[in-house]
């Protein structure tokens, strides 16, 4: 299993230097992160608590919020996953059918008072997961904008424009 702290194609030395430089940055103010996320939600008329950028989500995760990865098992294995995240598929693979046990599995892994940070490939499925969890009574639900792989570039490739991986946040392969 490989642990990555920098974008693909970065050498181990560069990755370590990048991680070490970020580790020296001051911890962002968690109240300011929540405030910014709520303001984004207000501006976008979102029905859940807030919308986070990947680095903001990581800071909240470090402070005890639960990152809920809603991608498929195949995506987690082949593309990578965030260590210490809760894994609850939104859709099944193959077939992309909605997981009828989503709320039950979410309830088994989290409490309704836990702050939840929903993550998918690009922020779309996690948006709908945050809506459903909010409607089902979870009190503090956020969508992680940009997702794990981020938006597509001009060549239709991901992980080169934005997202968790490109932000150099921790993830593991396999």
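The values are calculated or read from the model by the stated rules, or taken from the named source; none is laboratory data. Keep in mind that this is a model prediction, so the values were computed, not measured. Here Cβ is always computed from backbone atoms with ideal geometry, including for glycine, and neighbour counts include all displayed protein chains.
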* Is there a residue being under 14 Å from residue 148 (Cβ atoms), free of Cβ contacts under 8 Å to residues at least 60 places away in the same chain, surrounded by fewer than 19 Cβ atoms within 10 Å (Cβ to Cβ) and out of contact with any strand residue (DSSP E or B) (no Cβ under 8 Å at 6 or more places or on another chain) anywhere in the range 76-96? -> yes
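Looking at 69, 151 in this structure, which one is under 20 Å from residue 56 (Cβ atoms) and either in contact with a helix residue (DSSP H, G or I) (Cβ under 7 Å, 6 or more places away or on another chain) or buried (at least 22 other Cβ atoms within 10 Å of the Cβ) (or both)? Working first, answer last.
Details: 151 fails: either in contact with a helix residue (DSSP H, G or I) (Cβ under 7 Å, 6 or more places away or on another chain) or buried (at least 22 other Cβ atoms within 10 Å of the Cβ) (or both).
Step by step, each of 69, 151 is checked, and only 69 is under 20 Å from residue 56 (Cβ atoms) and either in contact with a helix residue (DSSP H, G or I) (Cβ under 7 Å, 6 or more places away or on another chain) or buried (at least 22 other Cβ atoms within 10 Å of the Cβ) (or both).
Quickly run through the range 115-174 and pick out the residues that are assigned to a helix (DSSP H, G or I) and modelled with pLDDT of 95 or more.
Matches in the range 115-174: 125, 126, 127, 128, 129, 130, 131, 132, 133, 134, 135.
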* Asked: Only one residue in 106, 145, 116 is farther than 15 Å from residue 49 by Cβ and under 18 Å from the mean Cα position of the chain (by Cα), so which one is that?
  -> 106
